[in-house]
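As structure tokens, the structure follows; a few thoughts come after it.
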Amino acid sequence: MYKKEGALRILFGASIVLLIGIVSICAQRPIVSCSKVKYESKNQVDPDPLVVRTISGQVLDSPKIGKGEPISAVCVALFSEKTKKLVKVVEPDDHGNFKFKSIKNGDFRLVVIDIYGGFCVANVPLTVQRGSTEVRTITVHMRYPAIDFCSFGDLQ
């Protein structure tokens, strides 16, 4: 009889802990406001800028930690590389797709921040050359923070 009561108490306690965890995840509030994104470049070595005609693409979780699924709970901010000032911020659609319209030629930095703070910030140097004939899109791969292993962008 005592073993059965003990097992029931453990099961009940585990159920309560699980329920609290689910409620806290559902009630999680963003820690970053897209209107307050700041320039960020913490790369130890900056990669060469990606050369694009237009600034559009998709934000995905990294296949090393997930299935390469779209992420929409991010702020995608574009900064002037020269002045470090914010040019525009967009929020991706439900499929992680984003697009900046009417961006002139120049050097920029794309900063992608997870609004819940779970993924490492991605910062991608870009050069916009509107006269380019090649149309490619940017894929931002979001990763969890680790030593020498962070979020990054590439062209598709």
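The values are calculated or read from the model by the stated rules, or taken from the named source; none is laboratory data. Owing to the predicted nature of the structure, the values given are computational and were not obtained by experimental measurement. Cβ placement follows ideal geometry from the backbone for every residue including glycine, while neighbour counts extend to all protein chains displayed.
Worth a mention:
- Selection of the stretch 45-73 for residues being closer than 15 Å to Val124 by Cα and of a type in the set (A, V, I, L, M) yields Val45, Leu50, Val51, Val52, Ile55, Val59, Leu60.
- Pairs meeting the criteria (first residue in the stretch 94-118 and over 17 Å from Ser132 (Cβ atoms) and touching a residue at least 40 places away in the same chain (Cβ under 8 Å), second residue crowded, with 20+ Cβ neighbours inside 10 Å and of a type in the set (Phe, Trp, Tyr), beta carbons under 7 Å, at least 6 apart or on different chains) are Arg109/Phe79; Val111/Phe79.
- Index of the failed condition, Pro63 passing every other in (1) under 30 Å from Ser102 (Cα atoms); (2) modelled with pLDDT under 80; (3) surrounded by fewer than 13 Cβ atoms within 10 Å (Cβ to Cβ): (1)
- Within the stretch 46-60, residues that are among the acidic types (Asp, Glu) have Cβ atoms under 8 Å from residues that are buried (at least 16 other Cβ atoms within 10 Å of the Cβ) and assigned to a strand (DSSP E or B) in these pairs: Asp46/Pro125; Asp48/Pro125, counting only partners at least 6 apart in sequence or on another chain.
- All positions within the stretch 119-155 that are under 21 Å from Asp107 (Cβ atoms), over 15 Å from the mean Cα position of the chain (by Cα) and exposed (fewer than 15 other Cβ atoms within 10 Å of the Cβ): Gln129, Arg130, Gly131, Ser132, Thr133, Glu134, Val135, Leu155
- Taking the stretch 77-103 as the range and being touching a strand residue (DSSP E or B) at 6+ places or on another chain (Cβ under 7 Å) and of a type in the set (D, E, K, R) as the test, the residues that pass are Glu81, Lys82, Lys85, Lys88, Glu91, Lys99.
- Residue satisfying condition, being within 12 Å of Val140 (Cα to Cα) and surrounded by 12 or more Cβ atoms within 10 Å (Cβ to Cβ), within set Leu110, Leu86: Leu110
- Qualifying residue in the stretch 81-94 (condition: under 14 Å from Val124 (Cβ atoms), modelled with pLDDT under 95 and either in contact with a helix residue (DSSP H, G or I) (Cβ under 8 Å, 6 or more places away or on another chain) or not basic (Lys, Arg) (or both)): yes
- Residue in the stretch 114-130 that is within 25 Å of Gly68 (Cβ to Cβ) and touching a helix residue (DSSP H, G or I) at 6+ places or on another chain (Cβ under 8 Å) present: yes
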